[in-house]
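Let me begin by handing over the structure; questions about it come next.
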Amino acid sequence: MLKVAKINHLGGHRVHAVFSDGMAGDYDFAATISQGGPMAEPLRDPAFFARVFLEDGAPTWPNGYDAAPGWLRREIEASGTLQREAAA
């Protein structure tokens with residue numbers, strides 16, 4: 001099962017995600033959270049958004065909002081930025 005192995009906040013509403021298969025990319029959640037809803041509302045505050053963490057391999061925020069790893073992978077791939085993570 002695909003999971004997010006690492007997540008880094010890049011500023012604003014952008015994250016860099018590294019998946020369990022070694023692929024990685026950046027995603028901007030701005031459009032996603034602008035669509036509204038009570039769970040997305042707190043994420044509009046960049047300081048709150050920056051509190052992203054991983055729970056069971058899914059990017060998650062303190063209010064319980066989370067992003068499915070498969071969905072995030074498809075979004076990053078569709079944007080053309082999915083690539084193998086460079087070795088550290």
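The values are calculated or read from the model by the stated rules, or taken from the named source; none is laboratory data. Bear in mind that the values here come from a model prediction, so they are computed numbers and not experimental data. When we count neighbours, we look across all protein chains shown, and the Cβ atoms used for this are built from the backbone with ideal geometry, even at glycine.
Looking at T32, is it of a type in the set (V, I, T), free of Cβ contacts under 8 Å to residues at least 60 places away in the same chain and touching an Asp or Glu at 6+ places or on another chain (Cβ under 6 Å)? Let's see the steps before the verdict.
Values: of a type in the set (V, I, T): yes; free of Cβ contacts under 8 Å to residues at least 60 places away in the same chain: yes; touching an Asp or Glu at 6+ places or on another chain (Cβ under 6 Å): no.
When the stated conditions are applied, T32 does not pass them.
Shifting gears a bit: Counting only residues that are over 24 Å from A5 (Cβ atoms) and among the acidic types (D, E), which one in the range 32-71 is surrounded by the fewest Cβ atoms within 10 Å (Cβ to Cβ)?
Looking at the filtered set, the residue picked out is D45.
Can you tell me how many residues within the range 35-53 are among the aliphatic types (A, V, I, L, M) and without any contact (Cβ under 8 Å) to a residue 40 or more places away in the chain?
Qualifying residue count, the range 35-53: 4.
While we're here: Any idea which residue in the range 51-88 is nearest to G12 (Cα to Cα), counting only those that are of a type in the set (D, E) and assigned to a loop (DSSP other than H, G, I, E, B)?
Initially, the range 51-88 is screened for residues of a type in the set (D, E), giving 55-56, 66, 75, 77, 85.
Retained after the next criterion (residues that are assigned to a loop (DSSP other than H, G, I, E, B)): 56, 85.
Details: D56: 24, E85: 22 Å.
Of everything passing the filter in the range 51-88, E85 is nearest to G12 (Cα to Cα).
So which of R73, R44, R14, R84 is touching a helix residue (DSSP H, G or I) at 6+ places or on another chain (Cβ under 7 Å) and among the charged types (D, E, K, R)?
Values: R73 fails: touching a helix residue (DSSP H, G or I) at 6+ places or on another chain (Cβ under 7 Å); R14 fails: touching a helix residue (DSSP H, G or I) at 6+ places or on another chain (Cβ under 7 Å); R84 fails: touching a helix residue (DSSP H, G or I) at 6+ places or on another chain (Cβ under 7 Å).
Residue meeting the stated conditions: R44.
Is it fair to say G80 is at pLDDT below 95 and either surrounded by fewer than 13 Cβ atoms within 10 Å (Cβ to Cβ) or farther than 23 Å from M1 by Cα (or both)? If you could, list the steps in order and put the result at the bottom.
Details: at pLDDT below 95: yes; either surrounded by fewer than 13 Cβ atoms within 10 Å (Cβ to Cβ) or farther than 23 Å from M1 by Cα (or both): yes.
For G80, the condition - at pLDDT below 95 and either surrounded by fewer than 13 Cβ atoms within 10 Å (Cβ to Cβ) or farther than 23 Å from M1 by Cα (or both) - is met.
Among the residues of the range 56-88, which ones are touching a strand residue (DSSP E or B) at 6+ places or on another chain (Cβ under 7 Å), without any contact (Cβ under 8 Å) to a residue 40 or more places away in the chain and either aliphatic (A, V, I, L, M) or more than 14 Å from M39 (Cα to Cα) (or both)?
A67, A68, listed by residue number.
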